[in-house]
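Remarks on the structure that follows.
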Amino acid sequence: MLSDSARSEIQNLMAQYPRARSAILPALYVAQQEIGWLPDEAMDEIALLFGMEPAEVYAIAGFYNMFYKEPKGKFHLEICTNVPCMLRGSGNIADYLQERLGIGFGETTADGNFSLDHMECLGSCATGPVVFARRSQSAWGRYFENLTPGQVDVMLDELLLEDALPGEQTPARPYHHDHHPETNYLLARIDKPHSHKIETYLADGGYETARKALAMEPAEVIETVKKAGVRGRGGAGFPAGVKWGFIPKDIYPRYLVVNADESEPGTFKDRLILEFDPHQLLEGIICTSWAIQAHYAFVYVRGEYMFAQERMKTAIAEAKAKGFLGKGIFGSDFDLEVIIHSGAGAYICGEETALLSSLEGYRGHPRLKPPFPAVAGLYAKPTIVNNVETISHVRHVMEHGADWYRQWGTERSPGLQLISLSGQVKKPGVYEIPYGMTFRELIYDYAGGTVDDRPIKSIIPGGLSMPQILPDALDVGIDFESIVGAGSMLGSGGVIVICEGESIIPIARRAMSFYVEESCGKCTPCREGGSWMEKILKRIEAGEGTLEDLETMARVTKYIDQQSFCPFGPASVWGLQSTLRLFGDEYKDFILETNPNGHKPDIPVRPIYRADSGELHENLLDDATLAPLVP
Amino acid sequence: MSDWITITIDGQEIKAKNGELLTAAAARAGIDIPVFCSHPKLDPLGACRMCLVEQEGPRGKALVTACTTPVRDGAIFHYESEKAIDARQGTMELILINHPLDCPICDKGGECPLQNQALEHGTGKSHFWEEKRHKAKGYPLSDLVMLDQERCILCWRCIRYLQEWEDKPQLGLFHRGGETVVDKFPEGELDAYTSGSIIDICPVGALTNRLSRFSYRPWDIDRTPSICTHCAQGCNLIIDSRNNEVRRHVSRENMAVNDEWICDKGRFATGITKHPDRLQEPLARIDGKLQPVSWQEALQRVVTGLKTIVQRDGPDAVGALGSAKLSNEANYLLGKFMRGMVGTNNIDFREGAALLADPRGVPALADVREADLIVLMGSDPSEEMPVLANLIKRAAKRNGARLIIIHPRRIELAKYADVFLNPTPAEEVALFDALTRATMQARMEAGDEEIPDWLRETEEVESASVEALALAARLTMQAKNPFIVYGADYAWGFGARDIVGALTNWLITAGCEERLGFLHNQANAQGAGDMGILPDYLPGRSPISDRKARSAIETLWQTTLPTQPGLSYGGMIASARGRIKALYIMGSDPVGEKPADADSMKALEFLVVQDVFLTKTAQMADVVLPAASYIESAGTFTNTERRVQRAPQAVRPVGKSVADWAILMHLALRYDPAASAAWKTATISEVFAEIAQVAPMYADMSWENLGEQGQQWDREALPMGKRMHAYSGGSATPTDKRYPYRLVVSSLLWDGGTTFSATSEMAHLASRSARLHPHDAADLGLASGDLVEVLSVAGSIKLPLRVDDSIKPGTVFVPFSLPEAPVGTLFDSQGPRTNVAVLKAAS
């Protein structure tokens, strides 16, 4: 069913990785690009190419949302309805899209032109509402940002008229960093014309740092990063240099994996680096790979960041042409291959062990720790997984030194940090701030205050997963330790501002729906508990809640928090727990108002089904598997 | 890592092995930590979160999963703490919210870990008011296994079993989050040969036995610990029956034999006790037709028939065929009757004298686990012994065991092989000689040996590169703990003597001939030989010329034994038109296997067949004695590693059928009532006790002390010196232009034989085709599904064709045991190693 060219493309992809199986997601993309979706026959064929059981391929394809298991319209439009976009009015645009196309979510227009779906965070929180548009039979998709109904019309007309997606995306640049240019390092070049090109990068002194690092002993590089105290920006804040030091001696090969699976709602900082200053990341990769002596660096970019992937691939080609990547970089005898690996729509792959499972060509399930990746990671070899921003900081630390870095921030959270600010503020965007700066300064000074100067109801300080804090924490410093003191965590630095007038219940419900959608399904508490919580929240929203539900949620979220396999479980309920804690009265009032008699829901009875007789006949499946009752 | 350390659980200090999982350490101390995803035979996963306990650490107590936590000295755990109990209750509540709780109609109810643990670790109350998730129910994964996705709690055991033991991940988790289900590829089927194991390890009723479901309740069955007799591995299982009907087979652990797995043939092909065609009563030929008679009359006819001939033509005019499928006791008593009472050594079985098997089988099956090298020659465990095949895969994949495979087909295990050599039939001797030469060359480079003259002249072997030969030579020479076996493909028929000689030469050269063993196919081929069902060996494998052994038996049997070697299986049939006037055939069907033998049977004056079915041979008999199947009678079987195991009676015999050994007892007492002092074994344990007296290697065994894991007789009890074997070549059948293909014959798991066909739900699985390589098929203008005629000098059979690229070009593969196309039809005087032609047949 696949063309010869697709087959040979897949074989080339297989050869690109140390182990062929890693090319399974890329191969599925190739098949989907050619056919428009993934019929069973295509998966069967891919299984044969990879020497796998078809069930394995099917299981993998089913895990990742960007693979179509059924045909889609010519264009597939997905609108983000997650909390940050919701706060920016994506609900209206979603309604408008449905009305304009005359279809609901999950449907395709009668003419087969458009399929519409709602979508989880696209990393466009400051420029929402946003639609991710793909042409089903192509590898290309792009964002349409800052959408208004008028722009939706333009978008739809343009797509139909051109019968194609515009190839070059000119994304909105959602940042306002001119307040304190003296702290702009990571963002310093973002506004320059052609900031992503190697020529402009070289003109700014680019790749000199990498050259310098290669002249140092690897241990020295690690020592410098350790001394600077660069903390991981993916969420946990673990010191990068210390992590690198965990690599066992004498075990090779080693791998660097850059986590660019930025999917935490409210976080969109890495996207800026990937799209507008990819060379600073590459330079950071070179420094880091040298430090840990890795000859392969993988950048795992979330699937929706297609534009970022293109920019990274171009940057790698440019750097390769200059001899900065590939065999014997900078004339040394050090080889370094950088491979851009596209995710395919699975938030959990931001968790480092799940990312490694995915990169190895499996479903993105997290793995047991220990062993930690630094000891046994990719292909069970020592592997350092760091966030895009972390690696980018490495480049600047190597240029300016550890003392330079430590001049900013606090003792335990030294340096600068990218904050993704979204929600109901005047100027949402990415800000490069020194650790320790207060929320008040960020929101009122950098971002010009809240929309319509409304009072703040609540702040999510570190991406959607983090517990909410109240405005009384406005003078708390934005650093790992201070936020913990305020009852939350800095996480990935995604600050979402919620103003008075917003109801907390739809926000909590929408957040829970996200985790239910993204749960990998491996462990019981997250898989079963998450969807239970969502069902309760939906019922409360629908006016059928009871006060007992609040107790149940408090109790069950405790199990999810404390008993899940990986950090996703706790992250999925911290927000809910914080709203129950901080806004308990709001829940109560709403429940008492909508269901004053405390009427409990009727427990639905299982539809009657008939067990088959056990005889073998062809239609057994149809016969025995009665369709479930559709609620 | 095996140091003993001390850990504390709930204040109680217990000894544990350093690094073992907490679940295992606790279990030893009698603390049964509940688990679902964890399974002793599978890698830890930590997914279900049922086994949470608190562990004390530097930062206080934390919940950990016992199934993934290795214990270290001084570790402190709390299992019964309030927090740990609450945590487990929480997990249990979450597991149950979407579980259908349809226990009253679930096969697993009564033996269900979820049910048991819900009782022990649940709160008894659900707070879940929402609608449960709906998924597929009663959904067949194959003809054998049913899936209920709603009952499934997603522990992944089934997926992991197929991955870790079968290396066939045919089940996977599909979708994700709450929508996650276990499923198969839509177009695919679960066809791994041990797929049924996932039913046993499923901790809920999600996977059920499609053949047996709804036919029993676990608390209302009689459980008989037994073994499987489909092949010579002798996997341990339990026969569960109710109202004297077999309901199901489940596996039983025996680490020396089958770990805790059985294959799907052993699990599902249980239909023999229920088959409507089972012989219900004795038959005798009256007026030219077989008609029901009483046991008295039937036995009297046998006695009269045999005595008439013995008195007229002498005892050597009578012969008997035993069976590798029947128990030691049945075979032993047949031998005792023929030798001691009739007075002839004309006794053999199909896999007897004609099969060049090492009389000690294989050293030990469990050697595979620790082997650093596995050599398979003319043996295809995937089809012949699937549980062993899984152990081999695991050794290769997990322990880094190297694998050398020499086989006429590219068998499934070939994909794990370091060296796979694919000689055409007739090319084997040259190949083994080349291996011997390569090994000697390697030795010469290191030392002083020289290649003997007879080996110098061997020709080049097409199917082996110099590198492959050198690698095979190096691997065998370096192996410290090899598992080396040859199978029936190389031990039977014309030329086998040279092949076995040549392969033995190679292994002597490599210095590992002591580890060479023979892998039998039939359940009791080893035992039948041990019982002396051979024309020239006595029970206990002493040659009949061994005067001491003979006189010991004569004393016990109170008789005189014939001293001249008797005729072999083939010899007796061939002499049916001459010396042999009467045959007593027990559990064997020569006519079914080779229809041409019907002529011989017809020529006999008197034919007795003792069997469970009215076989092709039985249809020609003068007296047919209905036998009980092994499930309906008791007996012991000796597997291919000489492990003697019990198979007690599980259900009552069908109709008037009687256990084989008991038939022989009655026959003997009727044949010579005066001999009753020597024939007084009235129970199976008494028969076995007599065997222990007669066969020295069974000397220390008794029915009781065989226990439930059996006993292996000492390989050293039968020393076998192996010598280099020189030969002049020319042992292969010459090529013949009229018959351009070499015939390759071996057994497939899904065969067309009686015991398998008896399970009607499975009979359609049998592979009923001849197979050709795609190139050969193309040359002949044939495609899969075409009806073809395979013909040799001896005869022809018609079969549908299957094009299969694992078949070597120039060969045709035909499986054994197809009643509609018995491959024996093609065997000429040289047996299975013959030349054939393939033609498109008119349908």
Study note, to complete from the structure: Under Stokes-Einstein, the stretch A:504-594 at 20 °C and 1.002 mPa s, with its Kirkwood radius over C-alpha pairs, diffuses with a coefficient in µm²/s of 168
Study note, to complete from the structure: Percent antiparallel among DSSP beta bridges confined to the protein assembly as shown, nearest 5, equals 55
Review point. Among the listed pairs A:K74/B:K168; A:K381/B:K17; B:K548/B:K594; B:K168/B:K737; B:K548/B:K680; A:K212/A:K249, which are separated by more than 31 Å between their Cα atoms?
Key: A:K74/B:K168; B:K548/B:K594; B:K168/B:K737
Practice item. Return P(r) of the stretch B:190-252 (all Cα-Cα pairs; 10 Å bins starting at 0; whole %; ordered from short to long distances). Key: 20, 52, 27, 1
Study note, to complete from the structure: Lys and Arg at +1, Asp and Glu at -1: neighbours of A:E411 with Cβ under 14 Å from its Cβ sum to +1
Check your understanding: So what's the stretch B:741-840 giving for Rg/Rh, alpha carbon basis, Kirkwood Rh from the mean inverse pair distance?
Key -> 0.96
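Using a Förster radius of 30 Å, what is the FRET efficiency between B:N243 and B:N116 based on their Cβ-Cβ separation? Nearest 0.05, please. All intermediate terms of the calculation are to be shown ahead of the outcome.
Working: r = 26 Å, r/R0 = 0.87.
Efficiency at R0 = 30 Å is approximately 0.70.
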Exercise for review: Go ahead and run the numbers for FRET between B:I105 and A:E99, Cβ-Cβ distance against an R0 of 35 Å, rounding to 0.05.
Suggested key: 0.15
Check your understanding: When the Cα centres of the stretch A:67-98 and the stretch B:501-519 are compared, how far apart do they sit, in Å?
Key -> 70
Practice item. Assign one of three labels to the stretch A:75-162, namely rounded, prolate or oblate, based on the Cα gyration tensor with a ≥ b ≥ c the square roots of its eigenvalues; rounded applies when a/c is under 1.5, prolate when it is not and a/b is larger than b/c, and oblate otherwise. Key: prolate
Study note, to complete from the structure: Isolated cysteines for chain A, Cβ-Cβ cutoff 4.7 Å, are A:C121, A:C125, A:C287, A:C349, A:C499, A:C520, A:C523, A:C526, A:C566
**Study point:** Paramagnetic reach from B:K548 (point 7 Å along Cα→Cβ, amide N under 18 Å) across the stretch B:680-698
**Key:** B:693-698
Review point. How are the Cα pair distances of chain A distributed, in percent, across 20 Å bins from 0?
Key: 19, 54, 25, 2
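Before rounding to the nearest 500, sum -39500 (n - 2.57) across all DSSP H runs of length at least 4 in the protein assembly as shown and divide by the residue total; then give [θ] at 222 nm in deg cm²/dmol. Can you show the working numbers first?
Numbers: 49 runs with 470 residues, N = 1474.
It lands at -9000 deg cm²/dmol.
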Practice item. With label points built 7 Å along Cα→Cβ from the Cα atoms of A:L592 and B:E716, find their separation and express it in nm. Key: 8.7
Check your understanding: Can you give the three extents of the C-alpha atoms in the stretch B:367-519 along their principal axes, from longest to shortest, in whole Å?
Key -> 43, 35, 26
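Please report the relative contact order for the stretch B:343-406, taking Cα pairs under 8 Å with a sequence separation of at least 6, and give it as a percent rounded to a whole number.
Details: 44 pairs, mean separation 23.1, N = 64.
Computed over the stretch B:343-406, the figure is 36 percent.
Mean separation of Cα pairs under 8 Å and 6+ residues apart, divided by the residue count of chain A: what relative contact order is that in percent?
12
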Revision key, fill the gap. Simple spin-label estimate for B:M724/A:D153, 7 Å along Cα→Cβ, in nm, reads 9.7
Exercise for review: Determine the relative contact order of the stretch A:92-164: mean sequence separation of Cα pairs under 8 Å and six or more apart, normalised by residue count, in whole percent.
Suggested key: 23
Review point. Which angle from 0 to 90°, rounded to the nearest 10, does the C-alpha axis of helix B:660-671 make with the longest principal axis of chain B?
Key: 30
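Compute, for the protein assembly as shown, the length of the dipole vector about the Cα centre, with Cβ point charges of +1 (Lys, Arg) and -1 (Asp, Glu) only. Units Debye, rounded to 20.
3000
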Check your understanding: Roughly what angle does helix B:684-694 make with the longest principal axis of chain B, taking Cα atoms, 0 to 90 degrees, to the nearest 10?
Key -> 60
Study note, to complete from the structure: Using alpha-carbon coordinates alone, the radius of gyration and Dmax of the stretch B:129-273 in Å work out to 15.8, 55
Review point. To the nearest 20 debye, what charge dipole does the stretch B:267-406 have about its Cα centre, counting +1 at the Cβ of each Lys and Arg and -1 at the Cβ of each Asp and Glu?
Key: 340
Point to revise | Orientation-averaged projected area, Cα convex hull of the protein assembly as shown (nm²) | key: 59.9
Review point. Once label points are set 7 Å from the Cα along Cα→Cβ at both B:V466 and A:K322, what is their separation, rounded to one decimal in nm?
Key: 5.1
Revision key, fill the gap. Check: C-alpha center the stretch B:662-692 vs C-alpha center the stretch A:275-332, spacing in Å is 85
Review point. Assuming R0 = 41 Å, what is the FRET efficiency of B:A794 and B:T560, from their Cβ-Cβ distance, to the nearest 0.05?
Key: 0.50
Check your understanding: Rounded, prolate or oblate: which fits the stretch B:279-342, taking a ≥ b ≥ c as square roots of the Cα gyration tensor eigenvalues, rounded meaning a/c under 1.5, else prolate when a/b beats b/c?
Key -> oblate
Revision key, fill the gap. Output for the stretch B:293-447 (equivalent-ellipsoid semi-axes, sqrt of 5λ from the C-alpha gyration tensor, Å, descending) is 46, 20, 14
Study note, to complete from the structure: Measuring from its Cα centre, chain A shows a charge dipole (+1 at each Lys and Arg Cβ, -1 at each Asp and Glu Cβ) which, in debye to the nearest 20, is 1580
Study note, to complete from the structure: Placing +1 on each Lys and Arg Cβ and -1 on each Asp and Glu Cβ in the protein assembly as shown, then taking the dipole about the Cα centre, the residue among B:P696, B:A136, B:A472 whose Cα reaches farthest towards the positive end is B:P696
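Find the eigenvalues of the gyration tensor of the Cα atoms of the stretch A:270-336, then list the square roots of 5 times those eigenvalues as equivalent ellipsoid semi-axes, largest first, in whole angstrom. Don't jump to the answer; show the numbers that get you there.
Numbers: eigenvalues 93, 31, 18 Å².
Calculated on Cα positions only, the semi-axes equal 22, 12, 10 Å.
Using DSSP, restrict attention to beta bridges with both residues in chain B and report what percent are antiparallel, rounded to the nearest 5.
Working: 69 of 112 bridges.
Taking every DSSP beta bridge with both residues in chain B, the antiparallel ones total about 60 percent.
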Revision key, fill the gap. Placing one equal point scatterer on each C-alpha of the stretch B:237-296 and summing with Debye, one gets log10 I(q)/I(0) at q = 0.27, 0.28, 0.29 Å⁻¹ equal to -1.09, -1.12, -1.15
Point to revise | Kirkwood-type radius of the stretch A:181-406, with distances r between different C-alpha atoms, in Å | key: 17.2
Check your understanding: For the stretch A:417-499, what is the largest minus smallest coordinate of the Cα atoms on each principal axis, given in angstrom and ordered from greatest to least?
Key -> 31, 24, 21
Review point. Mean shadow of the stretch B:479-570, computed from the convex hull of its alpha carbons, in nm²?
Key: 8.0
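Label chain B by shape, choosing from rounded, prolate and oblate, from the square roots a ≥ b ≥ c of the eigenvalues of the Cα gyration tensor; if a/c is under 1.5 it is rounded, and otherwise prolate applies when a/b is larger than b/c, oblate when it is not.
Working: a/c = 1.69, a/b = 1.41, b/c = 1.20.
Prolate.
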Point to revise | Charge dipole (the protein assembly as shown, unit charges on Cβ, about Cα centre) - positive-most of B:P774, B:I85, B:V342 | key: B:V342
Review point. Which value, in Å³ per residue, describes the convex hull spanned by the Cα atoms of the stretch A:1-149?
Key: 115
Review point. Can you list the lysines whose alpha carbon sits under 19 Å from that of B:K137, skipping same-chain ones fewer than 8 residues off?
Key: B:K108, B:K184
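Averaged over all directions, how much area does the convex hull of the C-alpha atoms of the stretch A:4-63 cover when projected, in nm²?
3.6
Bear in mind that the values in this text are calculations on the coordinates, not laboratory data. Note that the structure is predicted; figures quoted are calculated from it, not measured. Cβ atoms come from the backbone with ideal geometry, glycine included; neighbour counts cover every protein chain shown.
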